[in-house]
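Working notes for the structure below.
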Amino acid sequence: MSGPLPSPVRPAFEVGSREGALIVNIGPSHPATHGTVQIIAELDGEKVVRADVHCGYLHRGFEKECECHTWHNVIPYVDRLNYSSPLLNEFAYCDAVETLLGIEITPRCRHLRTLLAEYSRIADHLTCVAALLMEMGAMTAFLYLVTLRDFIYEHTAALTGARVTHTYGRIGGLARDLPDGWLERLEEILEEYEVYVGRIHGLMDRNRIFIDRTRDVGVLSPEEAIHWGFTGPVLRSTGVARDVRKDTPYLAYGELDFEVPVGIKGDNYDRYYVRMREMDESVHMIRQLMERLAPGPVNVDDRRCVLPEKPLVYSEIESLINHFKLITEGPRVPAGEVYVAHEAANGELGFYVVSTGEGTPYRVHVRGPSFVHMGGLHRMLEGYQLADLVPTFGSVNMVGGECDR
């Protein structure tokens, strides 16, 4: 791309500044914008001449809330960032706190977290691709993908006790080990994955309507993607093979054999296909982890952060006091600050955590990929048709919880 990149500072719209222009509000009440995003579009006929994206419609105060709760009690809050793959949020947050504590999780926990992270990635990508196809009228493909996603949700609920907001991660480990028969059902779902996703490839990959609606639409160059701070499938669709799992391996990713799929043009079709290929890679990693799953405990033996076993709480005064102090005051995390980034389904999910040595965080800041992507979304909308706006927005997979500030 020649010439200087556009400045991130854009002047506000001036209504009537362009002769014949029509200003249209799309969202936040529009179903496709999730109730949390407003796109002010300037139209010249059916063409989007200019778009102004506002994502400030979710005000839960997540980051401020974290300062009022113990380190463990923050975990249910991080579930609600990207609620399509909450386990990825939990494991990234726990990793940040464990880094401050100087804790190294057990081998079984490391493998299980990696397996469940990839399982969550599949569920997230299924949700994104299903919504993208549904918004273009491909209802059969949508139902196939949502059926497969529901298998995963029910299976995950059998482990965590909840379909969506799991609260399964723990500082120093996990809430519990795998129940009997869980891995056998996982193998069945992976076989069903091959069937259902194979149908999607057959229905969509060379579908003339789908190609016309996605190829050369919402194009983003590698230079623009990097300039706006894009990560994850959106960045990789432009041909940049940037992946935190490969570049700075964490958990068990350094032990696994996997590829980083990339696109060619950075358009809507590439974003669809990169996610489809990433799901295949996730299945490949899950099969490796099922073979490598180490025996042993899922929690470290550290009284600073791990609750004692219930029989000990009922029979030992030391364990009772330890349990009481952890619940009422929270773990005492050593003073310091750390930034830990994981490769979430939408891109780099980072937690910047500050501790003053107390039982509650002094500061928790989240680098949510969806929030960053909204800053450059207008570049993918301008110059294309109004009918392309919703599919392009869907290909980015914005999740409102990650935009909450």
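If you take the alpha carbon atoms of the stretch 202-336 and fit the smallest convex hull around them, that volume is 209 Å³ per residue.
Starting from the alpha-carbon convex hull of the stretch 350-401, give the projected area averaged over all orientations, in nm².
Averaged projected hull area, Cα only: 4.4 nm².
With θ set to phi - 60°, apply the Karplus curve 6.51 cos²θ - 1.76 cosθ + 1.60 along the stretch 126-137 and write out the HN-Hα couplings as whole Hz, x wherever there is a Gly or Pro. Per-residue couplings from phi come out as 4, 4, 5, 5, 4, 5, 4, 5, 4, 5, 9, x Hz. Note that the stretch 42-170 carries a Kirkwood radius of 17.1 Å, evaluated over its alpha carbons pair by pair. Diffusion coefficient of the stretch 253-405 by Stokes-Einstein, Kirkwood radius over Cα pairs, 25 °C, 0.890 mPa s: 123 µm²/s. When every Cα-Cα distance of the stretch 264-325 is counted in 5 angstrom steps from zero, the calculated P(r) takes the values 4, 14, 12, 10, 8, 7, 8, 10, 9, 7, 5, 3, 1 percent.
How much length, in nm to one decimal, is gained on full extension between Asp177 and Thr147, taken as 0.36 nm per residue of separation minus their Cα-Cα distance? Don't jump to the answer; show the numbers that get you there.
Details: separation 30, 0.36 × 30 = 10.80 nm, distance 2.64 nm.
Length difference between fully extended and current span is 8.2 nm.
Helical runs (DSSP H, four residues minimum) scored at -39500 (n - 2.57) apiece and divided by the length of the chain put the mean residue ellipticity at 222 nm at -14500 deg cm²/dmol.
Overall shape of the stretch 133-286 was characterised from the C-alpha gyration tensor. The equivalent ellipsoid obtained from it has semi-axes of 30, 22, 14 Å, in decreasing order.
Across all C-alpha atoms in the stretch 62-403, the radius of gyration and Dmax reach 20.7, 70 Å.
Remark: the stretch 251-291 projects, on average over all directions, an area of 3.2 nm² (convex hull of Cα atoms).
Residues with beta-carbon under 14 Å from that of Met204, excluding Met204: net charge, scoring Lys, Arg +1 and Asp, Glu -1? So the surrounding residues net to +4.
Rule-based calculations on the coordinates, nothing more; no lab input. Predicted model only: the values in this text are computed from it and were never measured. Here the Cβ is made from the backbone with ideal geometry for all residues, glycine too, and neighbour counts use every protein chain on show.
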